[in-house]
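Colleague: My questions all concern the structure below.
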Amino acid sequence: MEKKKVVLALGHKALGTTLPEQMTAVKGAAKAVADLVEEGCQLAICHSNAPQVGMIHTALNEFGKEHQDYTFAPMSVCSAMSQGYIGYDLQNAIREELLSRGIMKTVSTIITQVVVDPYDDAFAEPIKVIGRYMTAEEAAAEEEKGNFVVEEEGKGFRRIVAAPKPKEIVEIEAIRTLLDADQIVIACGGGGIPVLRQRNHLKGASAVIEKDYASGKMAELLDADMLMILTGQEKMAINYGTEREKQLDVVSPEQVEEYAAAGQFPRASILPKMAAGASFVSGREGRVAVIAELTKAREAFHEKAGTIIR
């Protein structure tokens, strides 16, 4: 039987926040991955990195402040670092879980660059908060450098960066080669390292990319059969938090578009999941996107759990 090609996006719940939390959390994520391998899936995995990239950014910039010989770390470098150490923990946890089930399969992490459009409107309207709290003086210094900051009442100022849409995945052929060899590949971690194409040069962008949009782009370019986004919620909903709240079981891309236009999906959390799923499904007949709770991966694969877009 021909294997289904699945792009799997792992959210924050699969990784935790701190290093010890991550070591524990990836074991749960590995069980979900192994379940899908047992179901006969070819798997490409993307993961979030929001707490991790913020931690790296803060740590390196604080170090740079205390040591004059060291420069501050750009966002692109922080993103690359997060891909490396999250991939390290995740691939080892998956390998261990597979071996415990008697499955011999290579798991590899690809440090992945994702091209963004320098004219994306997101650069004029940053929404992603990163790093530590700053004083008013430090915030002013950031603005002098051309960065954006936002004030959180009673806590201080924090930097915010753009979240542009992914246009191209630089290492897509390497990802495809590993997937076609029936290996498990971890790629586009944290949405990928955002880069701007300047002739033959790829310049790191001061931004982050939504991992859900990057997962959708990877699924599209790989011509996957299914995009599965595993998160902390069992189903997506409309009229969330009201008496009229309704969980979504099966929706069409057209319905997703209508709900999104009506403001039903929070821009920084649910909208990227639903929009990425709808866009992927619209690309070819027979595709399916599922957004489900992390422990329901096997059920979601059989379309018996989560919110299904088709």
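Colleague: What residue, of LYS145, LYS128, is closer than 16 Å to ALA214 by Cα and either buried (at least 19 other Cβ atoms within 10 Å of the Cβ) or at pLDDT below 85 (or both)?
Modeller: Just one listed residue meets the conditions, LYS128.
Colleague: Pick out the one residue from LEU227, LEU248, LEU222, LEU196 that is closer than 18 Å to VAL33 by Cα and hydrophobic (A, V, I, L, M, F, W, C).
Modeller: Result of the check over LEU227, LEU248, LEU222, LEU196: LEU227.
Colleague: I would also like to ask the following. Among the residues of region 263-304, how many are touching a helix residue (DSSP H, G or I) at 6+ places or on another chain (Cβ under 6 Å) and either of a type in the set (Val, Ile, Thr) or at positive phi (or both)?
Modeller: Residues flagged as touching a helix residue (DSSP H, G or I) at 6+ places or on another chain (Cβ under 6 Å) and either of a type in the set (Val, Ile, Thr) or at positive phi (or both) within region 263-304 amount to 3.
Colleague: Next question. So if I check each of GLU173, GLU245, GLU234, which one is within 23 Å of LEU294 (Cα to Cα), without any contact (Cβ under 8 Å) to a residue 24 or more places away in the chain and not basic (Lys, Arg)?
Modeller: On inspection, the qualifying residue turns out to be GLU245.
Colleague: Go through (1) more than 20 Å from LEU10 (Cβ to Cβ); (2) part of a helix (DSSP H, G or I); (3) in contact (Cβ under 8 Å) with a residue 24 or more places away in the chain; (4) not aromatic (Phe, Trp, Tyr) for GLU143 and report which single condition fails.
Modeller: Condition (3) is where GLU143 drops out.
Colleague: Still on this structure: Just a yes or no: is a residue in region 280-300 touching a Gly at 6+ places or on another chain (Cβ under 9 Å), crowded, with 20+ Cβ neighbours inside 10 Å and among the aromatic types (Phe, Trp, Tyr)?
Modeller: Yes, the conditions are met somewhere in region 280-300.
Colleague: Return the residues of region 203-231 that are hydrophobic (A, V, I, L, M, F, W, C) and closer than 15 Å to VAL290 by Cα; say none if nothing qualifies.
Modeller: Passing the criteria: ALA219, ALA224, MET226, LEU227, MET228, ILE229, LEU230.
Colleague: If you don't mind, another one. Let me spell it out: the conditions are (1) β-branched (Val, Ile, Thr); (2) exposed (fewer than 15 other Cβ atoms within 10 Å of the Cβ); (3) in a helix (DSSP H, G or I), and ILE94 meets all of them except one. Which number is the exception?
Modeller: All conditions pass for ILE94, except number (2).
Colleague: Could you give me the residue pairs with C-beta distances under 6 Å whose first residue belongs to region 253-274 and is assigned to a loop (DSSP other than H, G, I, E, B), whose second residue is of a type in the set (A, V, I, L, M, F, W, C) wherever it lies, and which are 6+ apart or on separate chains?
Modeller: What qualifies is GLN264/ILE238; PHE265/LEU271; PHE265/MET274; ALA268/ILE127.
Colleague: Before we move on, is HIS67 within 20 Å of the chain's Cα centre (by Cα) and modelled with pLDDT under 85?
Modeller: no
Colleague: Spot the failing condition for TYR213; the list is (1) surrounded by 17 or more Cβ atoms within 10 Å (Cβ to Cβ); (2) of a type in the set (Ser, Thr, Tyr); (3) over 28 Å from ILE130 (Cα atoms), and only one is missed.
Modeller: Among (1) surrounded by 17 or more Cβ atoms within 10 Å (Cβ to Cβ); (2) of a type in the set (Ser, Thr, Tyr); (3) over 28 Å from ILE130 (Cα atoms), TYR213 violates only (3).
Colleague: Just one of the numbered conditions (1) of a type outside the set (Gly, Ala, Ser); (2) in contact with a Lys or Arg (Cβ under 7 Å, 6 or more places away or on another chain); (3) within 23 Å of ILE160 (Cα to Cα); (4) at pLDDT 95 or above is not true of LEU222; which one?
Modeller: (3)
Colleague: A further question on this structure: Within region 3-30, take every residue that is in a helix (DSSP H, G or I) and of a type in the set (Val, Ile, Thr) and give me the one that is farthest from GLY191 (Cα to Cα).
Modeller: Out of the qualifying residues, it is THR24.
Colleague: Inside region 11-48, can you point out the residues that are closer than 19 Å to GLU293 by Cβ and of a type in the set (Gly, Ala, Ser)?
Modeller: GLY11, ALA14, GLY16, ALA25, GLY28, ALA29, ALA30, ALA32, ALA34, SER48 - these are the residues of region 11-48 that are closer than 19 Å to GLU293 by Cβ and of a type in the set (Gly, Ala, Ser).
Colleague: Could I ask something else about it? Suppose we keep only residues that are loosely packed, with under 13 Cβ neighbours inside 10 Å and either in contact with a Leu (Cβ under 7 Å, 6 or more places away or on another chain) or among the acidic types (Asp, Glu) (or both) within region 148-171. Which one would you say is nearest to ALA187 (Cα to Cα)?
Modeller: GLU152
Colleague: Which one of LEU60, LEU8 is over 21 Å from LEU294 (Cα atoms) and crowded, with 17+ Cβ neighbours inside 10 Å?
Modeller: Being over 21 Å from LEU294 (Cα atoms) and crowded, with 17+ Cβ neighbours inside 10 Å holds for just one of LEU60, LEU8, which is LEU60.
Colleague: Same structure, new question: Out of all the residues in region 25-36, which are of a type outside the set (Asp, Glu), over 15 Å from TYR88 (Cβ atoms) and either at pLDDT below 85 or surrounded by fewer than 22 Cβ atoms within 10 Å (Cβ to Cβ) (or both)?
Modeller: GLY28, LYS31
Colleague: So, one more: Kindly list the number of the only condition in (1) farther than 20 Å from ASP212 by Cβ; (2) assigned to a strand (DSSP E or B); (3) modelled with pLDDT of 95 or more that fails for GLY102.
Modeller: (2)
The values are calculated or read from the model by the stated rules, or taken from the named source; none is laboratory data. Worth saying up front: this structure is predicted, and the values here are computed from it rather than measured. Every residue, glycine as well, gets a Cβ built from its backbone with ideal geometry; the counts of neighbours run over all protein chains shown.
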